[in-house]
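Student: Sharing a structure here in C-alpha cells format.
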Amino acid sequence: MRVGIIGLGNMGGRMAKRMLGQGAEVGLYDLNEEAVNTLVGLGAEKADSPADLASKFQYIITVLPNVYIVKQTLVGEQGLLKGMKPESLLIEMTTSIPSVTKELNALVKAEGFRMIDAPVSGGVKGAEAGTLSIMVGGEESDFEEARPLLAMLGQNINHVGEAGAGHTIKALNNMISATTLAATAEAMALGVKLGLEPEKMLAVINTSTGRSFSSDFKFPNQVLTRKFEVGFTLDLMVKDLKIAMSMAEEESAPMFISSASFQLWKRAMAEGRGGEDHTAIVKSIEEMFNVEIKG
Ligand code: NAD
C-alpha cells in the first residue's frame with residue numbers, strides 16, 4: 001500500500017514509522033526537515049510539496065495542528081488539489097472543526113476527489129503501538145476502502161456518520177477527557193490537603209466508581225512521577241475544547257460542567273503552560289490548593 005502523510009509531529013511521526021513497520025510504502029511532507037530526514041532514514045520517501053506527494057501516493061493522510069493548516073495544505077499554490085488523481089483518497093486525521101471539514105469535503109468532491117475525516121484517540125503510545133481509536137466520517141464505501149490502511153494504525157475503527165461526524169465525536173470525546181482530568185485533579189489535590197497519600201487514593205479510585213483513563217493512566221504515569229512528558233500539548237487540548245464549545249454555541253446548548261472545565265484549561269494556558277503536556281493542568285490546579293500530588 002502506498003500512503004503519503006503530511007504532519008510528522010508527535011502523532012504523525014509515530015504513525016509514519018508504524019506504517020513503515022507494517023510494510024507500507026510511505027511518502028512524507030512536513031515543514032520540519034529533521035522530522036522528515038529521520039523517517040527518510042527508515043525508508044520513507046520525501047516529497048517536495050503536498051501536490052508532489054498527492055501525485056505519487058493514492059492515499060494521503062493529514063495529521064496537522066489545526067484545520068486552517070489543513071485547508072492551506074489542500075488549496076495552497078502547491079496544495080494537494082494540484083496533485084490529486086481520480087483514485088486519490090484524502091484521510092484527514094487532524095482534530096478539527098466539523099463545519100469546516102464539511103466545507104473541505106465538498107471542495108474535494110467538487111474537484112472530483114474523495115475525502116474522509118478520521119481523527120484519532122489514544123495518544124502517542126497508541127500511535128506507536130498501532131492501537132489508536134479511529135472515528136470516521138464520510139462515505140461508507142470510502143471508509144471501507146481505507147479500512148486496511150487504518151487497521152495499521154488503530155484497533156478500534158468506527159464509521160460514525162457523514163462528512164464531519166468523525167471530527168464531531170472527537171471533539172466531544174476530548175471534552176469528556178479534559179473535564180475528567182480536571183475533576184480528578186481537584187479531588188486528588190483536596191485529598192492531599194486533607195492528609196491522604198496520592199498512591200493510596202489512586203488505589204481506591206481505580207477500583208471504585210471514580211475510575212477513568214485519567215486516574216488509571218495519566219495520574220500514575222505523568223503526575224505522581226512528576227514527568228509531565230510531552231505527548232499532547234495543553235494548547236492542542238484548549239483547541240479541542242474551543243471546537244466543542246463552539247459546536248454547543250451553534251446549537252445554543254447549555255454546557256454547565258464543560259464550561260467550568262474550559263475556564264480552568266484557559267487559565268492554565270494563560271499561565272504560560274500551552275507548550276507543556278496537557279497533564280500540566282494538574283500543576284495549575286495544585287497551585288490553587290497549594291499542594292503537590294506526587295508519589
Ligand atoms: P505536533 O505539533 O506535534 O505536530 C504537527 C506537525 O505538523 C509538526 O511536525 C509540524 O512541523 C507540522 N506542520 C505544521 N504546519 C505544517 C504545514 N503547513 N505543512 C506541513 N507540515 C506542517 O502535533 P501532534 O501532537 O502530532 O497533533 C497533530 C494532530 O493530532 C492535532 O490536530 C492534534 O489535536 C491531534 N491529536 C494529537 C494527539 C496527541 O496525543 N498528540 C492525540 C490525538 C489527536
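What follows draws every value from the coordinates through simple rules; no lab data is involved. These figures come from a predicted structure and were not determined experimentally. So basically every Cβ, Gly included, is an ideal-geometry build from the backbone, and we count neighbours across all protein chains shown.
Student: Around Ser133, what is the net charge, scoring Lys/Arg as +1 and Asp/Glu as -1 over all other residues with Cβ under 13 Å from its Cβ?
Tutor: Residues near Ser133 contribute +2 overall.
Student: Continuing with the same structure: Of the candidates Leu172, Leu264, Leu202, which one comes out as most mobile in a Gaussian network treatment of the chain with C-alpha springs shorter than 10 Å?
Tutor: Residue with maximal mean-square fluctuation among Leu172, Leu264, Leu202: Leu202.
Student: Spelling out what I want: for every residue of the stretch 44-57, take phi, set θ = phi - 60°, compute 6.51 cos²θ - 1.76 cosθ + 1.60 (Karplus), and round to whole Hz; glycine and proline get x.
Tutor: For the stretch 44-57, the Karplus-derived couplings read 7, 10, 7, 10, 7, 6, x, 4, 4, 4, 5, 6, 10, 10 Hz, x marking Gly and Pro.
Student: Right, another one. Ile5's amide H: which non-local residues (gap 5+, or another chain) put their own amide H closer than 5 Å, with H modeled 1.01 Å from N in plane and none for Pro or chain starts?
Tutor: Gly27, Leu28, Tyr29, Ile61
Student: Just to confirm the number: angle between the C-alpha axis of helix 140-153 and the first principal axis of the chain, 0 to 90 degrees, nearest 10?
Tutor: Around 60 degrees separate the two axes.
Student: Across the stretch 76-83, in residue order, what do the Karplus-derived ³J(HN,Hα) couplings come to in whole Hz, using 6.51 cos²θ - 1.76 cosθ + 1.60 with θ = phi - 60° and x for Gly and Pro?
Tutor: x, 3, 10, x, 4, 4, 6, x
Student: Name the shape class, rounded, prolate or oblate, that the alpha-carbon gyration tensor gives for the stretch 14-134, where a ≥ b ≥ c are the square roots of its eigenvalues, rounded holds for a/c under 1.5, and otherwise prolate holds if a/b is larger than b/c and oblate otherwise.
Tutor: Oblate, since a/c reaches 1.5 and b/c is not below a/b.
Student: Hey, if you put +1 on the Cβ of every Lys and Arg and -1 on every Asp and Glu Cβ in the chain, which of Gly274, Phe217, Thr233 ends up farthest toward the positive end of that dipole?
Tutor: Phe217
Student: Quick one: how many lysine pairs in the stretch 2-162 have C-alpha atoms under 14 angstrom apart, if they're 8 or more apart or on different chains?
Tutor: Count of close lysine pairs: 9.
Student: Per-residue HN-Hα couplings for the stretch 220-225, Karplus 6.51 cos²θ - 1.76 cosθ + 1.60 at θ = phi - 60°, whole Hz, x for Gly and Pro?
Tutor: x, 8, 10, 8, 4, 7
Student: For the ranges 53-59, 16-22, 247-253, what's the packing order if you count other beta-carbon atoms within 10 Å of each residue, average per peptide, and put the highest first?
Tutor: The packing order, highest mean first, is 53-59, 16-22, 247-253.
Student: Okay, next question. I'd like to know which of Ser177, Gly195, Ile257 lies farthest towards the positive end of the charge dipole of the stretch 168-289, counting +1 on Cβ of Lys and Arg and -1 on Cβ of Asp and Glu.
Tutor: The residue sitting farthest along the positive end of the dipole is Gly195.
Student: Taking the Cα centroid of the stretch 113-177 and of the stretch 242-295, what is the distance between the two, rounded to the nearest whole Å?
Tutor: 25 Å
Student: As a test, work out the antiparallel percent of DSSP beta bridges whose residues both lie in the chain, rounded to the nearest 5.
Tutor: Bridges in the chain that DSSP calls antiparallel: roughly 15 percent.
Student: Which net charge results for the neighbourhood of Lys82, defined as the other residues with beta-carbon distances under 15 angstrom from its beta-carbon, given Lys and Arg at +1 and Asp and Glu at -1?
Tutor: Here the count lands on -1.
Student: While we're looking at this one, here's another question. Taking K and R as +1 and D and E as -1, what net charge do the other residues with C-beta under 11 Å from the C-beta of Thr101 add up to?
Tutor: Once all neighbours under 11 Å are counted, the net charge is -1.
Student: Check the straight Cα-Cα distances from Lys218 and name the aspartates and glutamates below 20 Å, setting aside those fewer than 8 residues away within the same chain.
Tutor: Glu128, Glu186, Glu197, Glu199, Glu229, Asp235, Asp240, Glu276, Asp277, Glu286, Glu287, Glu292
Student: Could I ask something else about it? Going by amide H atoms built from the backbone, whose H comes under 5 Å of the H on Met115, apart from near neighbours?
Tutor: Leu90
Student: Any idea what angle helix 256-268 forms with the longest principal axis of the chain, computed on alpha-carbon atoms, 0 to 90 degrees, nearest 10?
Tutor: 90 degrees
Student: Return one number: the angle in degrees, 0 to 90 and rounded to the nearest 10, between the long axis of the Cα atoms of helix 12-21 and the longest principal axis of the Cα atoms of the chain.
Tutor: Here the helix axis deviates by roughly 60 degrees.
Student: A further question on this structure: Return the whole-Å distance between the Cα centroid of the stretch 202-230 and the Cα centroid of the stretch 47-100.
Tutor: So the separation of the two Cα centres works out to 37 Å.
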